[in-house]
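Data first, discussion second: the structure below is written as structure tokens.
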Amino acid sequence: MSTTLISAARVIAPGAVLEPGWVETRSGQISAVGAGSPPREPDASFPEGTVAPGFIDAHIHGGGGFSFNDPDPAAAAVKIAAVHLEHGTTTLMASLVTAPLAELKTAVAALAGLVEDGVLAGIHLEGPWLSPSHRGAHTKDLLQLPDPASIDRLMLAGRGTVRMVTVAPELEGGLAAIRQITGHGAVAAIGHTGAGYDLARQAIAAGATVGTHVFNAMRPLHHREPGPALALLEDPNVFAEVIADGVHLHPSLVRFISGSPARAVFVTDAMAAACASEGTYQLGGLEVHVANGEARLASNGAIAGSVLTLDAAIRHAVNHAGLPLADAVRAATQNPADMLGLSDVGRLEPGRRADLVVLDEGLKVAATMKSGTWCRPAAPVRRRRSGRAG
């Protein structure tokens with residue numbers, strides 16, 4: 001039975017920060033978590049580090065030069081998961097941008113096997129049922145009304161692995177689509193929408209529980225026409241996606257969303273250029289220029305996803321938006337797990353999968369463990385036992 005005992009300056013546990021603290025893993029699961037000195041000599045010690053749950057990215061399109069919309073999405077997914085694992089993301093969804101229905105069906109079917117194998121947590125359809133006037137980096141001519149047959153076609157192609165679908169509720173059949181999506185056991189999200197406040201409230205009543213990258217690609221807040229953002233943020237049953245990269249949202253809005261009744265969920269919305277070189281890329285058939293840490297459509301300069309990683313999102317939230325570290329970590333771990341109904345990850349507590357991240361004093365990833373195995377660095381345990389600094 002493989003057991004690893006880890007001590008650190010702090011451990012971010014559910015509802016508390018243990019300073020100092022320790023985590024024990026056994027056979028790929030967390031077996032114990034405690035405050036103070038560990039019960040025996042630790043196998044790995046991080047006297048200035050913070051141990052947090054492994055990060056969960058619920059909205060991500062790619063990285064390392066690859067996209068989930070690539071011709072071979074399954075091969076791309078393995079590479080995307082690997083590059084984001086380097087930044088502490090141990091669980092991720094495969095988000096697909098708008099494409100012809102036949103292509104989406106093929107991609108969903110190809111990715112379903114990776115969900116079943118545990119490489120991915122699920123599939124997120126961000127399109128094709130979006131508002132043309134709030135489409136962002138989605139091809140206008142490929143957007144569709146959410147008819148029941150098309151929804152069933154994609155949901156059934158996923159064999160139960162499509163876990164979230166974004167819909168603009170103002171489209172004809174939008175509210176019915178939300179009920180149909182949740183009837184398939186998936187999470188319905190409101191996004192890329194021009195819906196007003198009242199309609200957004202109706203969509204939430206119909207079963208929508210997520211706001212897709214709130215404030216981005218939706219009707220803006222206005223004092224006489226509050227729009228969807230306020231409806232989402234005032235509801236404690238809603239999870240609000242936040243792209244905390246300093247490009248999509250002002251830091252004050254990151255702080256505002258995090259303090260709202262809704263539960264903030266940090267996502268990257270990362271496209272292929274994340275963890276890759278800058279230059280020209282394709283996103284859903286649209287040309288994207290990536291420069292100075294921003295991804296924008298070549299046609300009109302609109303934001304086209306991001307090059308963000310979740311560790312960078314946490315650093316931005318803490319250093320620029322002023323969030324407490326525990327709140328920022330919760331938005332990248334516990335909240336997305338609850339949003340997606342993932343019961344085995346997102347918290348450092350006995351019985352959960354042994355996915356964890358060690359952050360150094362600068363909140364950069366010092367080590368990552370997935371299912372009880374060290375991934376980065378490869379073997380901090382051996383270095384710690386030899387007495388040399390890790």
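The values are calculated or read from the model by the stated rules, or taken from the named source; none is laboratory data. None of these values were measured; they are calculated from a predicted model. For neighbour counting, all protein chains shown are included, and Cβ atoms are generated from backbone atoms with ideal geometry for every residue, glycine included. Heavy atoms of the whole protein, side chains included, go into the accessibility calculation; ligands, DNA and RNA do not. Shrake-Rupley method; radii C 1.70, N 1.55, O 1.52, S 1.80 Å.
Being assigned to a strand (DSSP E or B) and either without any contact (Cβ under 8 Å) to a residue 40 or more places away in the chain or within 15 Å of LEU249 (Cα to Cα) (or both) is the filter here, so list the residues in region 283-319 that pass it.
Correct list: GLU287, HIS289, VAL290, ALA291, GLU294, ALA295, ARG296, ILE303, SER306.
Hey, among ALA176, ALA168, ALA94, ALA186, which residue is open to solvent by 40 Å² or more (accessible area, probe 1.4 Å), without any contact (Cβ under 8 Å) to a residue 40 or more places away in the chain and of a type in the set (A, V, I, L, M)?
Result of the check over ALA176, ALA168, ALA94, ALA186: ALA176.
Need a quick list: strands (runs of 3 or more DSSP E) entirely within region 18-67 having at least 2 residues that are of a type in the set (Gly, Ala, Ser) and in contact with a Gly (Cβ under 7 Å, 6 or more places away or on another chain).
Answer list for region 18-67: 29-35.
For ARG224, state whether it is of a type in the set (Lys, Arg), open to solvent by 10 Å² or more (accessible area, probe 1.4 Å) and in a strand (DSSP E or B).
No.
Identify, please: which residue in region 124-156 is touching a Lys or Arg at 6+ places or on another chain (Cβ under 7 Å) and of a type in the set (A, V, I, L, M, F, W, C) and is, among those, surrounded by the fewest Cβ atoms within 10 Å (Cβ to Cβ)?
LEU143
Restricting to region 333-354, count the residues that are open to solvent by less than 10 Å² (accessible area, probe 1.4 Å) and more than 16 Å from GLY122 (Cβ to Cβ).
Selection size over region 333-354: 3.
Considering only residues of region 47-69 that are farther than 16 Å from ASP269 by Cα and of a type outside the set (A, V, I, L, M, F, W, C), which is surrounded by the most Cβ atoms within 10 Å (Cβ to Cβ)?
Per the stated criteria, the residue is PRO53.
Kindly indicate whether ALA229 is over 20 Å from VAL97 (Cβ atoms), at pLDDT 95 or above, touching a Pro at 6+ places or on another chain (Cβ under 6 Å) and open to solvent by less than 30 Å² (accessible area, probe 1.4 Å).
Answer is no for this residue.
Kindly indicate which of ALA240, ALA273 is within 24 Å of ILE123 (Cβ to Cβ) and assigned to a loop (DSSP other than H, G, I, E, B).
Of the residues listed, the single one that is within 24 Å of ILE123 (Cβ to Cβ) and assigned to a loop (DSSP other than H, G, I, E, B) is ALA273.
Is it the case that ASP147 is of a type outside the set (Gly, Ala, Ser), on the phi < 0 side of the Ramachandran plot and without any contact (Cβ under 8 Å) to a residue 12 or more places away in the chain?
no
For region 9-32, state whether one or more residues are hydroxyl-bearing (Ser, Thr, Tyr), within 21 Å of ALA274 (Cβ to Cβ), touching a residue at least 60 places away in the same chain (Cβ under 8 Å) and in contact with a Pro (Cβ under 9 Å, 6 or more places away or on another chain).
No: zero hits.
Residue by residue through region 243-259, note down the ones that are under 16 Å from ALA326 (Cα atoms) and either part of a loop (DSSP other than H, G, I, E, B) or touching a residue at least 60 places away in the same chain (Cβ under 8 Å) (or both).
ALA244, VAL254, ARG255, SER258, GLY259
In region 33-46, which residues are touching a residue at least 24 places away in the same chain (Cβ under 8 Å) and open to solvent by less than 30 Å² (accessible area, probe 1.4 Å)?
ASP43, ALA44, PHE46, listed by residue number.
Residues to consider are ALA121, ALA77, ALA109, ALA102; find the one that is more than 26 Å from SER277 (Cα to Cα) and open to solvent by less than 20 Å² (accessible area, probe 1.4 Å).
ALA121
Could you tell me whether any residue of region 288-305 is at pLDDT 95 or above and open to solvent by less than 10 Å² (accessible area, probe 1.4 Å)?
Looking through region 288-305, none of the residues is at pLDDT 95 or above and open to solvent by less than 10 Å² (accessible area, probe 1.4 Å).
Answer yes or no: is there a residue in region 321-332 that is buried (at least 20 other Cβ atoms within 10 Å of the Cβ), part of a loop (DSSP other than H, G, I, E, B) and either of a type outside the set (Lys, Arg) or without any contact (Cβ under 8 Å) to a residue 24 or more places away in the chain (or both).
yes
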